[in-house]
Amino acid sequence: SQKIEQNSEALNIQEGKTATLTCNYTNYSPAYLQWYRQDPGRGPVFLLLIRENEKEKRKERLKVTFDTTLKQSLFHITASQPADSATYLCALRDYKLSFGAGTTVTVRA
Amino acid sequence: DVKVTQSSRYLVKRTGEKVFLECVQDMDHENMFWYRQDPGLGLRLIYFSYDVKMKEKGDIPEGYSVSREKKERFSLILESASTNQTSMYLCASSLSLGSSGNTIYFGEGSWLTVV
């Protein structure tokens, strides 16, 4: 069956450090992968998209990698700030868009 | 900016009631979606629609139906609400989900409690 797994439900890091989140998938052949941010009680907001033929994408302090051989995407937040505290979701597009359960990041000042 | 508006933020309904969740988008998007989100389970797709009067079942359609009479409006209907439908419901819209990878825009969510 198809599955999207994101590493540990919660990640606690010190301000200024890099947070690395993992998204692994099985039985998908996604054309692209997206990352979303969700704040408590709010809907998810799109952050980044990376296509199957791209290895890496950057946006400000965010970096995403996509390895279709390993069936894995890594999401990095560099120089993290308390304002980065949120839940981050990965999503894969097969014939529809499917989401992982998310990883909650807490950045301590 | 794209705006996806869900009509009710918080609802409390009784078991067996018929419940309507309304969603409107203002960007002329072809696709509209209803997800529910539960702790530890992530977002699960209930139904989606790629055109007016068209609908497709998602992963968990049982107990739900949808209506899309106009392009901008997508309604989720719980025919007979049950306590296991207590959840946060998220409406979303997008342009075509082709290989170009269009973004999905979400509403703020509707918290439904069935008692």
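Could you list all residues from the stretch A:57-72 that are among the basic types (Lys, Arg) and either free of Cβ contacts under 8 Å to residues at least 12 places away in the same chain or not in a loop (DSSP other than H, G, I, E, B) (or both)?
The answer is A:Lys57, A:Arg58, A:Lys59, A:Lys63.
Could you please tell me which pairs satisfy a Cβ distance under 8 Å, a separation of 6+ or placement on different chains, a first residue in the stretch B:62-81 that is in contact (Cβ under 8 Å) with a residue 60 or more places away in the chain, and a second residue that is among the polar types (S, T, N, Q) and surrounded by 18 or more Cβ atoms within 10 Å (Cβ to Cβ)?
Going by the 8 Å Cβ cut-off, the qualifying pairs are B:Leu78/B:Gln85.
Among B:Leu41, B:Leu11, B:Leu95, B:Leu112, which is the only one that is crowded, with 18+ Cβ neighbours inside 10 Å and among the hydrophobic types (A, V, I, L, M, F, W, C)?
Sole residue among the options that is crowded, with 18+ Cβ neighbours inside 10 Å and among the hydrophobic types (A, V, I, L, M, F, W, C): B:Leu112.
When you check B:Thr103 against the structure, is it at the interface with chain A (Cβ under 9 Å from one of its Cβ atoms), closer than 24 Å to A:Pro40 by Cα and over 13 Å from the mean Cα position of the chain (by Cα), yes or no?
yes
Hey, can you tell me all the residues within the stretch B:1-19 that are basic (Lys, Arg) and at pLDDT 95 or above?
B:Lys13, B:Arg14, B:Lys18
Quick one: B:Arg44 ticks every box in (1) under 18 Å from A:Gln38 (Cα atoms); (2) among the basic types (Lys, Arg); (3) touching a residue at least 24 places away in the same chain (Cβ under 8 Å) except a single one, so which number is it?
(3)
Looking at the stretch A:65-100, which of the residues that are basic (Lys, Arg) and closer than 19 Å to A:Glu54 by Cβ is nearest to the other protein chains (Cβ to nearest Cβ)?
A:Arg93
I want to confirm something. Restricting to the stretch B:59-91 and keeping residues that are within 11 Å of chain A (Cβ to nearest Cβ) and at pLDDT 95 or above, which single residue is farthest from B:Thr5 (Cα to Cα)?
If we take residues in the stretch B:59-91 being within 11 Å of chain A (Cβ to nearest Cβ) and at pLDDT 95 or above, then B:Met88 is farthest from B:Thr5 (Cα to Cα).
Mind counting the residues in the stretch A:27-56 that are assigned to a loop (DSSP other than H, G, I, E, B), at pLDDT 95 or above and closer than 15 Å to A:His76 by Cα?
0
Could you list all residues from the stretch A:75-95 that are touching a Leu at 6+ places or on another chain (Cβ under 8 Å), of a type outside the set (Lys, Arg) and surrounded by 17 or more Cβ atoms within 10 Å (Cβ to Cβ)?
Within the stretch A:75-95, A:Phe75, A:Ile77, A:Tyr88, A:Leu89, A:Cys90, A:Ala91, A:Leu92 qualify.
Could you list all residues from the stretch A:18-39 that are exposed (fewer than 15 other Cβ atoms within 10 Å of the Cβ) and touching a residue at least 60 places away in the same chain (Cβ under 8 Å)?
Of everything in the stretch A:18-39, those that are exposed (fewer than 15 other Cβ atoms within 10 Å of the Cβ) and touching a residue at least 60 places away in the same chain (Cβ under 8 Å) turn out to be A:Thr18, A:Ser29.
Quickly run through the stretch A:1-26 and pick out the residues that are away from chain B (no Cβ under 14 Å) and in a loop (DSSP other than H, G, I, E, B).
A:Glu15, A:Gly16, A:Lys17, A:Thr18
Would you mind finding the one in B:Glu108, B:Glu17 that is outside any helix (DSSP H, G or I) and either under 13 Å from the mean Cα position of the chain (by Cα) or among the polar types (S, T, N, Q) (or both)?
B:Glu108
From the set of residues in the stretch B:20-58 that are at the interface with chain A (Cβ under 9 Å from one of its Cβ atoms) and not in a strand (DSSP E or B), which is modelled with the highest pLDDT?
Checking each candidate, the answer is B:Gly58.
The values are calculated or read from the model by the stated rules, or taken from the named source; none is laboratory data. Everything quoted here is computed from the prediction, not taken from an experiment. Using ideal geometry, Cβ is built from the backbone for each residue, glycine included, and neighbour counts are taken over all protein chains shown.
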